[in-house]
Amino acid sequence: MTSFLKVLCLVVVAVPLIAAKTGLTPDGSKYLAAAKDRIAKVEKDIDAAAADPKKADAAKDDLLASKRFLDNVQKEQPKNAQAAALQKKADTLLAKIKPTLLKVAIADRLVNIEELVGIIEKEMAAPSRDAGADEKLRDHFDMLRQMVREVLEKEPANTKAVAFRDKENALWDTYRQQREAKKGGTP
């Protein structure tokens, strides 16, 4: 009987301890380790990543993946201090490469703007436009305005974006004049 009581006492003591387990599942541990490794790798090369757009893009990918891994860890264990600290470190590293990423994004957006200006000019040069083509042209103007606005919000003194804004205004005036001439003087 005493051995039964010993087993019963052990069960009574062990069950609450098992239920209160604060460790991570094997997947959670893998996510935490992977995030830690990626963040450490980026942290080691952060200066090179801040100077090189390709390295900055690779670092961004690693940091965002790490943040997703850490989100999974924090879903499993919301008060995991190590995951919270790694999230903050990843955010800090992302902030360090943000200027480089922003320069690349702006350069890419300016290329898109230039292409869209060419499309608009080609559409406006067409000898005649039906209602569908006219609607498409207005949509292109809306897209152009939005893209220029995005660049100027991020970099207000960007001379290319300012020039594209002025070009868009001139094209819009020409478009309005074409519409008025087509309708016989009514806007």
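Summing -39500 (n - 2.57) over the DSSP H runs of n ≥ 4 in the chain and dividing by its residue number, what mean residue ellipticity at 222 nm do you reach, to the nearest 500 deg cm²/dmol? Let's see the in-between values first.
Values: 7 runs with 161 residues, N = 187.
Helices in the chain give a 222 nm mean residue ellipticity of -30000 deg cm²/dmol.
May I ask which of K122/K182; K98/K167; K75/K96 have a Cα-Cα span longer than 25 Å here?
Details: K122/K182 18 Å; K98/K167 29 Å; K75/K96 27 Å.
In this structure, K98/K167; K75/K96 exceed 25 Å between Cα atoms.
Please give the per residue volume of the convex hull enclosing the alpha carbon atoms of segment 12-152, rounded to a whole number of Å³.
Numbers: hull volume 21.5 nm³, N = 141.
Normalising the Cα hull of segment 12-152 by residue number yields 153 Å³.
Identify, among G132, A90, Q177, the residue whose Cα sits farthest towards the positive end of the charge dipole of the chain, taking +1 on the Cβ of Lys and Arg and -1 on the Cβ of Asp and Glu, with the dipole about the Cα centre.
Farthest towards the positive end: A90.
Please give the per residue accessible area of the chain, computed with a probe of 1.4 Å over protein heavy atoms only, in Å².
Details: 12360 Å² over 187 residues.
Value returned for the chain: 66 Å² of accessible area per residue.
Among 96-104, 68-76, 132-140, how do they line up from the highest to the lowest mean number of other beta-carbon atoms within 10 Å?
Details: 96-104: 15.8, 68-76: 18.1, 132-140: 13.3.
So the peptides 96-104, 68-76, 132-140, ranked by packing, come out 68-76, 96-104, 132-140.
Residue by residue through segment 48-57, which ³J(HN,Hα) values in whole Hz follow from phi under the Karplus form 6.51 cos²θ - 1.76 cosθ + 1.60 (θ = phi - 60°), with glycine and proline marked x?
Listing the rounded values in order: 5, 5, 5, 9, 10, x, 5, 5, 5, 5 Hz.
At 37 °C and 0.692 mPa s, what whole-number value in µm²/s does Stokes-Einstein give for the translational diffusion of segment 96-175, with Rh from the Kirkwood sum over Cα pairs?
On the way: Rh = 13.3 Å.
Using the Kirkwood radius from Cα pairs, D works out to 246 µm²/s.
Among 80-89, 152-161, how do they line up by average Cβ neighbours within 10 Å per residue, starting with the highest?
Details: 80-89: 16.1, 152-161: 13.3.
My ranking of the peptides, most packed first, is 80-89, 152-161.
With angles folded into 0 to 90 degrees, how steeply does helix 81-125 sit against the dominant principal axis of the chain? Use alpha carbons for both and round to 10.
20 degrees
Could you work out how far helix 26-44 tilts from the main Cα principal axis of the chain, as a 0 to 90 degree angle to the nearest 10?
For helix 26-44, the angle is close to 60 degrees.
Under a Cβ-Cβ cut-off of 12 Å, what is the net charge of the residues other than E114 that fall near it, where Lys and Arg count +1 and Asp and Glu count -1? Before the final figure, lay out each step's value.
On the way: positive: R109, K160, K167; negative: D108, E115, E121, E168.
Local charge sum for E114: -1.
If the only charges are +1 at each Lys and Arg Cβ and -1 at each Asp and Glu Cβ, what is the size of the charge dipole of segment 75-187 around the Cα centre, to the nearest 20 debye?
Values: 22 positive and 19 negative charges, 115 e Å.
The calculation lands at about 560 debye.
Report in % the part of the accessible area of segment 34-187 that belongs to carbon and sulfur, leaving out ligands and nucleic acids; probe 1.4 Å.
Working: 5140 of 9520 Å².
After summing per-atom areas, the C and S share lands at 54 percent.
Angle between the Cα long axis of helix 159-183 and the longest principal axis of the chain, 0 to 90 degrees, nearest 10?
Relative to the chain, helix 159-183 is tipped by roughly 50 degrees.
Got a sec? What order do D130, D52, D91 fall in by accessible area at 1.4 Å, biggest, i.e. largest, first? If you can, show how the numbers build up before the last one.
Values: D130 100, D52 50, D91 75 Å².
The residues order as D130, D91, D52, largest area first.
The values are calculated or read from the model by the stated rules, or taken from the named source; none is laboratory data. This structure is a prediction, so every number in the text was calculated from the model and none was measured. Positions of Cβ are generated from backbone atoms using ideal geometry, with glycine treated the same way; all protein chains shown enter the neighbour counts. Areas reflect the complete protein model, heavy atoms only, side chains present, ligands, DNA and RNA absent. Shrake-Rupley method; radii C 1.70, N 1.55, O 1.52, S 1.80 Å.
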